[in-house]
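The values are calculated or read from the model by the stated rules, or taken from the named source; none is laboratory data. As the structure is a prediction and not an experimental result, all values here were calculated from the model. Note that each Cβ is placed from the backbone with ideal geometry, even for glycine, and that neighbours are counted across all protein chains shown.
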């Protein structure tokens, strides 16, 4: 994990999943903790090198790669952990993540690895949107639901840590159909994110390098999401069940699904698109011959 200064009061901790530090005088708040205890240990070494006191951990959203190291940081330093209300429940009870990916049933073994099932961590405080001061460090909590139900962006020290509200072009291209829980919320969050340009010196995505302007990525993400939704709508005209629509969408967009985890993640995005199409009156759902059937409105 690499420590990258962004402003005199903000740092990116760049790794597979990014973390960040917002500093006020000799106090620092950690934004996200990476995947696991090994990542957390690297973060703590960087904190020590800055000669600041870590006073709190803030979790943007409860996906394992963003909070898996929280329990280690909390245990080693005794600092409080903050998270948005719905996300906090998963941070404290990580089995909820593989449960919702597997329709609420006991998760298969493939969904129990550390990339989906993180170490549990108690959450002492709930994050609410707006200006706040956490353990003496001023921050702004900005709602960004969509990728996760109650995801928040964290701004402070002249930087904005946008979590997975936006994906870099490289990440979007790699995953083809990125993970989204709610399509319409994501599009609204991307629009709100683009309006933040000029307010911060640096924007830090959940994965990839920080940038001085986030609006171009927000526009690219919105266009890509519209393309995915359109592909699902097209599949809806050729098939009537979600599994077949998923296959047709993946084929159309050039995604080769190689394992059950990727399938479950992709399935969530496809179902989110179908929900969005139902909301706008473009799709209807019913049960026919003991099958859940989707069709164009």
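Checking the conditions here, which among 57, 29 is in contact (Cβ under 8 Å) with a residue 12 or more places away in the chain, crowded, with 23+ Cβ neighbours inside 10 Å, touching a helix residue (DSSP H, G or I) at 6+ places or on another chain (Cβ under 6 Å) and part of a strand (DSSP E or B)? Exactly one of 57, 29 is in contact (Cβ under 8 Å) with a residue 12 or more places away in the chain, crowded, with 23+ Cβ neighbours inside 10 Å, touching a helix residue (DSSP H, G or I) at 6+ places or on another chain (Cβ under 6 Å) and part of a strand (DSSP E or B), namely 57. Of 142, 134, which residue is farther than 30 Å from residue 262 by Cβ, surrounded by 15 or more Cβ atoms within 10 Å (Cβ to Cβ) and at pLDDT 95 or above? Sole residue among the options that is farther than 30 Å from residue 262 by Cβ, surrounded by 15 or more Cβ atoms within 10 Å (Cβ to Cβ) and at pLDDT 95 or above: 134. Across the stretch 166-196, the qualifying residues are those that are in a loop (DSSP other than H, G, I, E, B) and in contact with a strand residue (DSSP E or B) (Cβ under 8 Å, 6 or more places away or on another chain), and the one among them that is surrounded by the most Cβ atoms within 10 Å (Cβ to Cβ) is 166. The requirement of being in a helix (DSSP H, G or I), farther than 22 Å from residue 187 by Cα and modelled with pLDDT of 95 or more is satisfied by residue 243.
Can residue 203 be described as assigned to a strand (DSSP E or B), farther than 18 Å from residue 84 by Cβ, in contact with a strand residue (DSSP E or B) (Cβ under 9 Å, 6 or more places away or on another chain) and free of Cβ contacts under 8 Å to residues at least 60 places away in the same chain?
When the stated conditions are applied, residue 203 passes them.
Scanning the stretch 250-297 for residues that are more than 21 Å from the chain's Cα centre (by Cα) and surrounded by 17 or more Cβ atoms within 10 Å (Cβ to Cβ) yields 250, 277, 283, 294.
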